[in-house]
Amino acid sequence: MSYLLHIDASSLGEASVSRQVARSFRDEWKGAVVHRDLAVSPAPHLSAAGITARTTDPAERSPEQAKAAAVQDELIEEFLGADAYLFTVPMYNLTMPSVFKAWLDQIMVAGRTLSFDGPPPTLGRPAVLISARGGGYGPGAPKHGMDHLVPALETVLGHPANLGLELTTVLPELTMAPYVPMMAPLLPMHEASLTDAHAQARGLATAIGGRQAA
């Protein structure tokens, strides 16, 4: 069965702007969805048992290695089984939430999702990254160059030497403007960014869904 794999990493639940924009995508998506909410059921951080299990014969694994390998197998099979992806990953302290990094560390395995002698198995599959952030990080902004989330994920998720997904990024910005008095002059920019993000999300769902159905 083909499906959209939706990985959520926001801790804010329904108050999350990233999740709200993702809902606009999901509302337009017509196919099957597998949803993994890392805030509710986080992937464990990669352990020594998980690392060594990858190079240990299954028959010779310790109980700890076998348990860690089972977690990786579940997450990797779920990842490889999808034909499209939606990642809800807000910026926390200039980078990604730790739960998303933990998930990445579990699924990025040489010989399974990564290949050193050819393209990765997920090369060219469509993916959307929705990443809300409290401020602005584009050219001209005081914090320009301090975004350590999007560049990292575009490299990890999108570069053909890594997971090779065909990644599109949607960035609702200035989400703290309604709450921080000194950011009040930026409210119109925030509202425009949010409106545009919802429209992008709906358009991407329609476009990707149409490609998958063709």
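The values are calculated or read from the model by the stated rules, or taken from the named source; none is laboratory data. Quantities reported herein were computed from a predicted structural model and do not represent experimental measurements. Cβ coordinates were reconstructed from backbone atoms using ideal geometry, including for glycine residues, and neighbour counts include every protein chain displayed. Just the protein is used for accessible areas: all its heavy atoms, side chains included, with ligands, DNA and RNA removed. Shrake-Rupley method; radii C 1.70, N 1.55, O 1.52, S 1.80 Å.
Mind counting the residues in region 4-21 that are in a loop (DSSP other than H, G, I, E, B) and buried (at least 17 other Cβ atoms within 10 Å of the Cβ)?
Within region 4-21, residues that are in a loop (DSSP other than H, G, I, E, B) and buried (at least 17 other Cβ atoms within 10 Å of the Cβ) number 3.
Check whether at least one residue in region 152-169 is within 18 Å of L94 (Cα to Cα), open to solvent by less than 40 Å² (accessible area, probe 1.4 Å) and outside any helix (DSSP H, G or I), and report yes or no.
yes
Of everything in region 170-214, what is open to solvent by less than 30 Å² (accessible area, probe 1.4 Å), of a type in the set (A, V, I, L, M, F, W, C) and either over 19 Å from the mean Cα position of the chain (by Cα) or under 20 Å from A15 (Cα atoms) (or both)? Give them in sequence order.
V170, L174, A177, A197, A201 - these are the residues of region 170-214 that are open to solvent by less than 30 Å² (accessible area, probe 1.4 Å), of a type in the set (A, V, I, L, M, F, W, C) and either over 19 Å from the mean Cα position of the chain (by Cα) or under 20 Å from A15 (Cα atoms) (or both).
Which residues, taken from region 33-54, are touching a strand residue (DSSP E or B) at 6+ places or on another chain (Cβ under 7 Å) and not acidic (D, E)?
V33, V34, H35, R36, L38, A39
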